[in-house]
């Protein structure tokens, strides 16, 4: 988060901020919209600059820059869009409890101490005053000096939470150089002649269990429509996946998991 103007008028902030968000591909697709219509509307109505990192990565960085009023307006529109997506997904679902809207900020690790506060006092204060859940990852994101800060709650709670986080970030600028987190692209499969494909690395999932398997000498996949159908079964790989312990996606933490702040 960068600041370019330190003038703060009465009743609010008057600064230019840059806030980075970490999003999954599906979330990014929702923000972009058909032919880019949604993100175009967000840019026009908020007045903020919204840039989305390139690449075919499972995760993307969404950078929002502008005066604080524009930033908060953009956040409000993103949070409301995510709530709209949640409502749409529940229309034909049997789930009765509505999941909260969740956003992940990417914050320089040198500022996280101020956000947490002595003995967790600041983060507790933010939670209680906004009604949002806030978690600061204990570990830095790969190859960076940034941490993920996860905010969950109603759109209004998220906006109030972001405002308070911005105040803390402005009062405690980053110390030293920040190495920004850049998501790595997923390993793509290699296409062979005859329409067959064999992955260099196979990622198998079984429920919440995921295992990364090294290249196997035999497995080959025949392309049918948009799907790769394995010729030999992957029973061994599936069994290996089931034996593996669950792990949390990069940049996220699990409640009660070592390295997670309360």
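The values are calculated or read from the model by the stated rules, or taken from the named source; none is laboratory data. Note that the structure is predicted; figures quoted are calculated from it, not measured. Note that we place each Cβ from the backbone using ideal geometry, even for glycine, and neighbour counts take in every protein chain shown.
The table below lists the values:
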read-out: Which listed residue is surrounded by 21 or more Cβ atoms within 10 Å (Cβ to Cβ) and in a helix (DSSP H, G or I), from 70, 74; value: 74
read-out: Residues of the stretch 104-125 that turn out to be buried (at least 21 other Cβ atoms within 10 Å of the Cβ), closer than 17 Å to residue 175 by Cβ and in contact with a helix residue (DSSP H, G or I) (Cβ under 9 Å, 6 or more places away or on another chain), as a count; value: 4
read-out: Any hit, the stretch 16-34, residues being modelled with pLDDT under 95, more than 19 Å from the chain's Cα centre (by Cα) and either at positive phi or surrounded by fewer than 13 Cβ atoms within 10 Å (Cβ to Cβ) (or both); value: yes
read-out: Residue in the stretch 141-149 that is without any contact (Cβ under 8 Å) to a residue 12 or more places away in the chain and assigned by TED's automatic domain parsing to the domain that holds residue 61 present; value: no
read-out: Meets criteria (more than 28 Å from residue 184 (Cα to Cα) and either over 19 Å from the mean Cα position of the chain (by Cα) or outside the structural domain of residue 46 (by TED's automatic domain parsing) (or both)) for residue 84; value: no
read-out: Residue match in the stretch 88-98 (condition: over 21 Å from residue 148 (Cβ atoms), part of a loop (DSSP other than H, G, I, E, B) and within 20 Å of the chain's Cα centre (by Cα)); value: yes
